[in-house]
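As structure tokens, the structure follows; a few thoughts come after it.
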Amino acid sequence: MQVFEQVESQVRSYCRNWPTVFTTAKGSRISDEQGRSYLDFFAGAGSLNYGHNHPAIKEALLGYLAEDNVVHTLDTYSSAKRRFLETFRDLVLAPRNLDYKVQFPGPAGNNAVEAALKLARKYTGRETIVSFTNGFHGMTLGALAVTGNSMKRGGAGVPLNNAATMPYDNYMDGRTPDFLWLRSLLEDPGSGLDRPAAVIVETVQGEGGINVASDEWLRGLEAVCREHELLLIVDDIQMGCGRTGPFFSFERAGITPDIVTLSKSLSGMGLPFALTLMKPHLDVWDPGEHNGTFRGFAPAFVTATAALETFWRTDAFTVDVDANAGWLDGELHGVAESYPELGITTRGRGLARGLVFEKPEHAAAVCQEAFANGLLMETSGAEDEVVKFLPPLTTTRQEFEEGVSIVREAVATVAKSEAEEVAA
Ligand SMILES: *Cc1c(COP(=O)(O)O)cnc(C)c1O
């Protein structure tokens, strides 16, 4: 363990909660050097929707490499890129009647967000981007400017501007009608809000605490955007690729964003890969205007293609996610109701779910206790008050039952020590 502490920067973070050295992983399980096996309900913060090392996806990658196929190509044409584009068009875009041009903006989610923001500004000739309370869009300066978390924002070291924050769904506890503030600012020439280029939104805020926007709220947001000619950007980096059920998390609301960002689970096995999708008339880039060395990582084209072919030929996967989500929701409600003294509430959509604790330290304690008993989960939310469930979507019912029983016990342990503290 020493080398990590001696050599690696202080910036390392997840490893501080899980002080062990991981070695192998398969499906929903990951093992460490001591040979301990953990259930992984963190799944690379949503990068492993199909689990670790899915056999069909891994097979495709190994076959590709074994034949000395090209690995790095900048953005030149390759057979791997062709197959990916054809498969993405045929299995994702066409069946949903979506007409988007596909940009490869660079390997990470933040690259997709930066490209989206730059494009919106270029197309509209405006600067301001509207974002939402507790939103998360990445660590590069443009993305950070539309991210809520004050600790992360503080790392920028320069002013984060050209952005305006608005209340997300339910932020005002239903005390004001949806979009009252946004509409007022847009309609009042004295409001001080420069006319925005675009709105960027997550349908469910993963890092922000599993805050769920209702379908109605999302449709309302789309209507405001259309009325005021603002581009609607949906950041589907964490909630896309089936996390909430359908491939895109916005499908159920029946909205059609102008720009969509995807990354995290897109490559199917945790390889870096991101996309920015745009309606064709928005494709006003000059050749090379948004460039980058890693915009054609062929192994990710190959694994992403295999993932689409394995999981997205029919809607069976979505049906499966929905069934498990309904079951998990019921179980978590049960856990919350069993310990009224902890004031736990539940929220979520699909297989992005949260147990929200009145006291943030209880959420941390539950994750620590779960780790000690062989389950990986992280906290999220502005005060880390939410225990976040982000299991691989391929998790079996038996594994779900095992995970939930570890959580139930962890909550029981926390409730017991809280009671002892109160008594003392
Ligand atoms: C993770 C994430 C990002 C940033 O992706 P990186 O690959 O970490 O740069 C952006 N938006 C959302 C919603 C995310 O969950």
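From the list Thr140, Thr203, the one residue that fits, being buried (at least 22 other Cβ atoms within 10 Å of the Cβ), at pLDDT 95 or above and of a type in the set (Ser, Thr, Tyr), is Thr203. Could you grab me the full set of residues in region 380-402 that are out of contact with any Gly (no Cβ under 9 Å at 6 or more places or on another chain) and crowded, with 20+ Cβ neighbours inside 10 Å? Residue satisfying the conditions is Phe400 alone.
Of all the criteria given as (1) surrounded by 23 or more Cβ atoms within 10 Å (Cβ to Cβ); (2) of a type outside the set (D, E, K, R); (3) part of a helix (DSSP H, G or I), the one not satisfied by Phe371 is (1).
Applying the criterion of at least 1 residues that are more than 30 Å from Val204 (Cα to Cα) and open to solvent by less than 30 Å² (accessible area, probe 1.4 Å) to the helices (runs of 4 or more DSSP H) found wholly in region 1-90 leaves 55-66, 79-87.
Conditions: (1) farther than 22 Å from Asn324 by Cα; (2) touching a Gly at 6+ places or on another chain (Cβ under 9 Å); (3) among the aliphatic types (A, V, I, L, M). Leu342 meets all but one. Number of the miss? Single failed check for Leu342: (2).
Residues are listed down the side, and each one gets a yes or a no for (1) touching a Lys or Arg at 6+ places or on another chain (Cβ under 7 Å); (2) β-branched (Val, Ile, Thr):
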site	(1), (2)
Thr256	no, yes
Leu271	no, no
His281	no, no
Val284	yes, yes
Glu289	no, no
Phe297	no, no
Thr310	no, yes
Leu342	no, no
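The residues of region 332-346 that are out of contact with any helix residue (DSSP H, G or I) (no Cβ under 7 Å at 6 or more places or on another chain) and of a type in the set (A, V, I, L, M, F, W, C), listed by number, are Leu332, Ala336. When Gly106 is tested against the conditions (1) open to solvent by 40 Å² or more (accessible area, probe 1.4 Å); (2) within 12 Å of the ligand (Cβ to nearest atom); (3) outside any helix (DSSP H, G or I), the lone failure is (1).
The values are calculated or read from the model by the stated rules, or taken from the named source; none is laboratory data. Predicted, not measured: the structure shown is a model, and the values here were computed from it. We place every Cβ from the backbone using ideal geometry, glycine too, and count neighbours over all the protein chains shown. Just so you know, the surface numbers come from the protein's heavy atoms only, side chains and all, with ligands and any DNA or RNA stripped out. Shrake-Rupley method; radii C 1.70, N 1.55, O 1.52, S 1.80 Å.
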